[in-house]
1. Per 0.36 nm of contour for each residue apart, how much would the distance between A:ASP668 and A:GLU569 grow if the chain were fully extended, relative to their Cα-Cα spacing?
2. Going down the table (A:LYS390/A:LYS468; A:LYS539/A:LYS573; A:LYS468/A:LYS499; A:LYS335/A:LYS379), which pairs top 29 Å between alpha carbons?
3. Find, among the GluC sites (Glu not before Pro) in the stretch A:443-499, those assigned to loop by DSSP (not H, G, I, E, B) with at most 10 other beta-carbon atoms within 10 angstrom.
4. List the pairs from A:LYS265/A:LYS288; A:LYS125/A:LYS272; A:LYS474/A:LYS559 whose alpha-carbon separation is above 32 Å, in the order I gave them.
5. Apply the Karplus parameterisation 6.51 cos²θ - 1.76 cosθ + 1.60, with θ equal to phi minus 60°, to every residue of the stretch A:406-420 and state each ³J(HN,Hα) to the nearest whole Hz, in sequence, with x for glycine and proline.
6. In this model, which of A:LYS716/A:LYS772; A:LYS716/A:LYS808; A:LYS467/A:LYS492; A:LYS592/A:LYS649; A:LYS19/A:LYS764; A:LYS214/A:LYS283 are farther than 22 Å apart at the alpha-carbon?
7. For the stretch A:389-509, what class follows from the C-alpha gyration tensor (a ≥ b ≥ c being the square roots of its eigenvalues): rounded when a/c is under 1.5, otherwise prolate if a/b is larger than b/c, else oblate?
8. Placing +1 at every Lys and Arg Cβ and -1 at every Asp and Glu Cβ, with all other atoms neutral, what dipole size does the stretch A:595-710 have around its Cα centre, in debye to the nearest 20?
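The values are calculated or read from the model by the stated rules, or taken from the named source; none is laboratory data. Bear in mind the structure is a predicted one, so any value in this text is a computation, not a measurement. Using ideal geometry, Cβ is built from the backbone for each residue, glycine included, and neighbour counts are taken over all protein chains shown. Heavy atoms of the whole protein, side chains included, go into the accessibility calculation; ligands, DNA and RNA do not. Shrake-Rupley method; radii C 1.70, N 1.55, O 1.52, S 1.80 Å.
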Amino acid sequence: MEESKEYAWLREIERKWQKKWEEAKVFETDPVENKPKFFITFPYPYVNGAPHLGHTFSSMRVDSYARFKRLLGFNVLFPQGFHATGEPILGVQERLNKGDEIQIKTMKLYGATDEDIERFKKDVKYIVEFWINRWINDLKLAGFSIDWRRTFVTAIDDHYHRFVTWQYKKLKEKDYIKQGRHPVIWCPHCQSPTGDHDRLKGEGETPVEFSIIKFRFNDSTVFPVATLRPETIVGVTNAWINPNGKYVLAEVDGEKWVVSEDAIKKLEDQLKIVHVIKEVDPKSLIGKKVHVPLIEKDVPILPSEIVDTDFGTGCVMSVPGHAPYDYIAFIETKKDPELSKYLEGIEPISIIKLDGYSDLPAKDAIEKYGIKSSSEDEKLEDATNEIYKKEFHVGVMKDNVLFLAGLKVSDAKEKVKELLQEKKAHDTMWETSGVVICRCTTKCHVKILENQWFIDYSNLEWKAKVKKWMKKMKFYPEEIRKLFFDTVDWLKEKACTRKTGLGTRFPFDKEWIIEPLSDSTIYMSYYIIQKYIAKHGIKAEQMTDEFFDYVLLGKGGVKEVVSKTGLDESILKEMRNEFEYFYPVDLRGSGKDLVQHHLTFFIYHHLAIWDNEKYWPRAIAVNGFVNVAGEKMSKSKGNIIPLRDLVTKKFSADLVRINIVTSAEDLDDADWRDENVNSFYSRMLNIYQITKKVAEDVPKGEKTKIDDVIVNRLKKIYHDWLEHTEALRFRSAAQRSFFELYSTISRYIEYKGGIENANKETLKMLIEYFAKMNSPLIPHFTEEIWSMLGNKPFVFSEPIKNLGNVDKKTMMLEKMIDDLLSDVRKLIDLSRKNTKIYLYAFDDEDKKILEEIQKYLARTFGFKEVKIYHKDNKNAIDPMNKRQKAKKFKPAIYLE
RNA sequence: GCGGGGGUCGCCUAGCCUGGUCAAUGGCGCAGGGCUUAGGACCCUGUGGGGUAGUCCCUUCGUGGGUUCAAAUCCCACCCCCCGCACCA
């Protein structure tokens, strides 16, 4: 990336202030008695790369808010840890070892050298440490106000393992940990669940439970048909098998089943006991009859290519009236000279009434989509989808089946399952909702994991408690609150362990590792502890359960903990006090993608571990994603920009901060555009110049009424800024504190007729407020101008002063000037006269302020003469008799 | 399918909850003008159409209806876009 000379001076300023902050340790926050605290956090990032624009938006919002709270006088704690739990780091290593070009390129983009990459291949810890160092460095360069004494990493740290272990023991005590079965999408080659990110194909596909209906041969051997639509059993005309597939006879849970060979391993993975007895030639099944339960009739088995042996059992029931696939296969069979005999006298059966369709919706769909053959897979899929959805939602069972007559299809489905179960003719099987291919190119199927461990988020008491608390919490923006409630509503048991990846061993079953989302719910409390681990070299072994009980819960006597851990009593007490001081978390901010899991778990777990609401989270702020020039960020588009390059080469920290943070608010996605940087930069440059002049004592003017008007405007800006920033609406806030204040300063100087005629005190005040209000977004630059004006560092050291209320009357004076200017402009345009202007003021007050902008008017519009009269002045020049039209705040105008 | 968020004057965006002060905020872009010093990045003006010595009229806020003296804002229907749906950071 090219280094820009233009912004070099800003970068210099930034390095300077970063150094001063660090030397003064201003962001190292400890308890201060009687000073209100604010504990703010950003979810720790996963460290398999360096920070880029995507991370930047959320985290800079959090940093800006931390700085804002400091400005209001809070003792702000903003710590930052890092996350290494889970699979991706191992995945990176594996790909590097395989020589994956894209992975190598990504690592290099972020600044890893060939040497580093060689070490990555061998040393996981090095990968983690390398990227953590990089993160810390980059965040410092971007001006983050973080207390770095408290940083830590998960998964590879024994201290943290202890913490997680303790937490899980607590959860288990409270009965929030359960064990059970769970279907997952499984790669038979990798022997592990295949998550969305590990898929070559099939992102978003999930396990779906199918019904198996047990049709039977004479000898009661089962012909198990798999279906999502058991209710259509009443419209069965025949069954299908694939004549070219491999089928077997097998013993399944003690019964004899005929199924496709492909189905065997799935059934096994779904906890069925399966023994294959022998192969079965599918052709030998053709024409054989099977008995259909419930409707108690025999139907023939027929061959068709529509059957996929690798889907379900490879045995399908045929409902030509309501399933497009079946309909087309049915027609083809009827036309087949060899096979048609089996369907003699058999026609599609109409069983569901569907408005807007004939008796046979499947037939309608076939015609609508112009399907000519059973090989037109894509069209058949669409047709099936259409019919399935419509029938499910609005279809009603017809009267020809007594036990279902009049039922909605969705109800009939449940009813049929029940009835089949009574007859022991029902079973279930899981399939993927669509084809899923693992990264290793193996096709995946559904496996039911046994002895899986869960966090029981479905626990009703827990849910109710969470919801009750969420009513009291603050959410930014408010709209997101609903999503949190919905999330709690649909949360079920969540699998909290995995067999692979980095992480903490599950304390009750060491074969399992606690998965990443589950080890990250209450770690904000760990920031308190980490400071002491770093400072006093506390060993992992000393961090016993009693230790955590005491420090975090205030349980147990300190003497007892001293004897168990060997730690100093004073240190323990200090930790406990510090926890008491800083907890709860006052604000947690992140992207909206985390709402449905992490942020909700964060609430759940705090309520589970701490009994007192005193320690429960107070507020959550959520924001959108980041686009670059209107496009989604992605590796393939090559628009992932490392933060460091933007900050140290292309622009500067402040420019990046203000440009990204103000680019969107609420739930909107941010859009990074290079060209917008300039609208900030040009104004900063000018403020800098003005500040220099003020520092050099250039302004010599008196304070006049205009000064009041301008300061009154500042008050308005201040109040708006405060309100918007408080709610993390940085865009709206900056519109006031940055753009509007800038133009106010600009206007002030214009009215005064140049900077030397401005009043120094007013100008200084305007710039100081500019510095304070914008310091959350552009901390370095504002620090610079703040100190240029002779103020002591730092800009946030002294709380910002409330400016008092806006004066309505003064406001009207301002409006009067604005209106006057626009009226004059209009009149000049219309009359084409701009030699002389005569203004007739309503009263002395109006007259006075008009006199103040007299020169400004002459300069701006090029008048040779500007006369201002009181409206009652009988000697006034007034050829058009305008002066009687003057109103309060609305002088009359005459042009020549 | 379930759930959430949206569609505003070239682009991005404010307004909508609490109807009128809304031809509708700010930025970007574009056009015109200014500058003996805040100086190449600044300032001002314009940016739906029309009219007039100033606060006027017409047509606009996804589409189609409705409520109302009055709707970008409230109600109904429809169309379209984005996001999440879990063992994954």
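1. Values: separation 99, 0.36 × 99 = 35.64 nm, distance 4.99 nm.
Once the chain is fully extended between A:ASP668 and A:GLU569, it gains 30.6 nm.
2. On the way: A:LYS390/A:LYS468 38 Å; A:LYS539/A:LYS573 17 Å; A:LYS468/A:LYS499 35 Å; A:LYS335/A:LYS379 21 Å.
The answer is A:LYS390/A:LYS468; A:LYS468/A:LYS499.
3. Details: sites: A:GLU450, A:GLU461, A:GLU478, A:GLU479, A:GLU493; in loops: A:GLU478, A:GLU479.
Here the sparse-neighbourhood loop sites are A:GLU478.
4. On the way: A:LYS265/A:LYS288 26 Å; A:LYS125/A:LYS272 42 Å; A:LYS474/A:LYS559 39 Å.
From the list (A:LYS265/A:LYS288; A:LYS125/A:LYS272; A:LYS474/A:LYS559), the Cα-Cα distance tops 32 Å for A:LYS125/A:LYS272; A:LYS474/A:LYS559.
5. Residue by residue, the stretch A:406-420 yields x, 6, 5, 4, 4, 6, 4, 4, 5, 4, 4, 4, 4, 4, 5 Hz.
6. From the list (A:LYS716/A:LYS772; A:LYS716/A:LYS808; A:LYS467/A:LYS492; A:LYS592/A:LYS649; A:LYS19/A:LYS764; A:LYS214/A:LYS283), the Cα-Cα distance tops 22 Å for A:LYS592/A:LYS649; A:LYS19/A:LYS764.
7. It is oblate, given that a/c is not under 1.5 and a/b is not larger than b/c.
8. The calculated dipole for the stretch A:595-710 is roughly 420 debye.
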